[in-house]
Amino acid sequence: MRKLVSAMSTVLLSSAMIMGCTESKTTDPVQETTHPTNEQNMPTSEKATAQDEQKALDMSLEYKKTELTVDYADYEDTLTVEGLLAKGETLKPFLTEKNYESYMANRYATLPLMVADKEKALLHPENILVEIKESKNDWILVEYRLNLVLTDREGKQLKNIPLSGDITFLQDQGEWRIQDDTYNIKDLQNIAYEVKE
């Protein structure tokens, strides 16, 4: 019995010494706080410059055209892994790295391609209207409306889907990039995932 108590005491003391001598992973949060040394890092309520706002408007137009235009002749090539990756690469310059990864992981690049395949149509965004909804010096919110026109190969209009949403721009490595594009995506999803009997 004495040997058991002695062994248990030794283990307990050894554990206490080991725990006391190892570096703690938790630190006092007050010590972790760093104060910005440059006033540009501090968030302000200043608006983005007119030049930045215009760049966001121009990028919004180009992005929606690039994202929603499907004018491929062969849908089978479009829906291959290589075709989908190529479509994703055309959108990469517009998106933050985080948004690009999410965009590809969630397969948003496939949606216009699936709609085109399902409807056997070409897709062209038309009448795109963009305007600044709100802006600060480190983010810009652009509101847009457009008509997604589905046509056959001869140009005959098959459908017209009104889309509207908001695009959020953030500074990413010194450039304005799209962090989020929220719109009435359900209309496209209903077409893409509709089961025809």
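The values are calculated or read from the model by the stated rules, or taken from the named source; none is laboratory data. Everything numeric in this text was worked out from a predicted model, so none of it was measured. Quick reminder, even Gly has a Cβ in these numbers, built from the backbone with ideal geometry, and neighbours come from all protein chains shown.
Table for the structure above
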{"quantity": "Residue 158, sole failed condition from (1) under 23 Å from residue 57 (Cβ atoms); (2) assigned to a strand (DSSP E or B)", "calculated": "(1)"}
{"quantity": "Verdict on residue 162 being touching a residue at least 12 places away in the same chain (Cβ under 8 Å), under 17 Å from residue 192 (Cα atoms) and buried (at least 18 other Cβ atoms within 10 Å of the Cβ)", "calculated": "no"}
{"quantity": "Check on residue 140, within 16 Å of residue 177 (Cβ to Cβ), modelled with pLDDT of 95 or more, not in a helix (DSSP H, G or I) and not aromatic (Phe, Trp, Tyr)", "calculated": "yes"}
{"quantity": "Condition check for residue 168: at pLDDT 95 or above, touching an Asp or Glu at 6+ places or on another chain (Cβ under 6 Å) and surrounded by 18 or more Cβ atoms within 10 Å (Cβ to Cβ)", "calculated": "yes"}
{"quantity": "Within the stretch 111-137, tally of residues that are touching a residue at least 60 places away in the same chain (Cβ under 8 Å) and either touching a Leu at 6+ places or on another chain (Cβ under 6 Å) or in a strand (DSSP E or B) (or both)", "calculated": "11"}
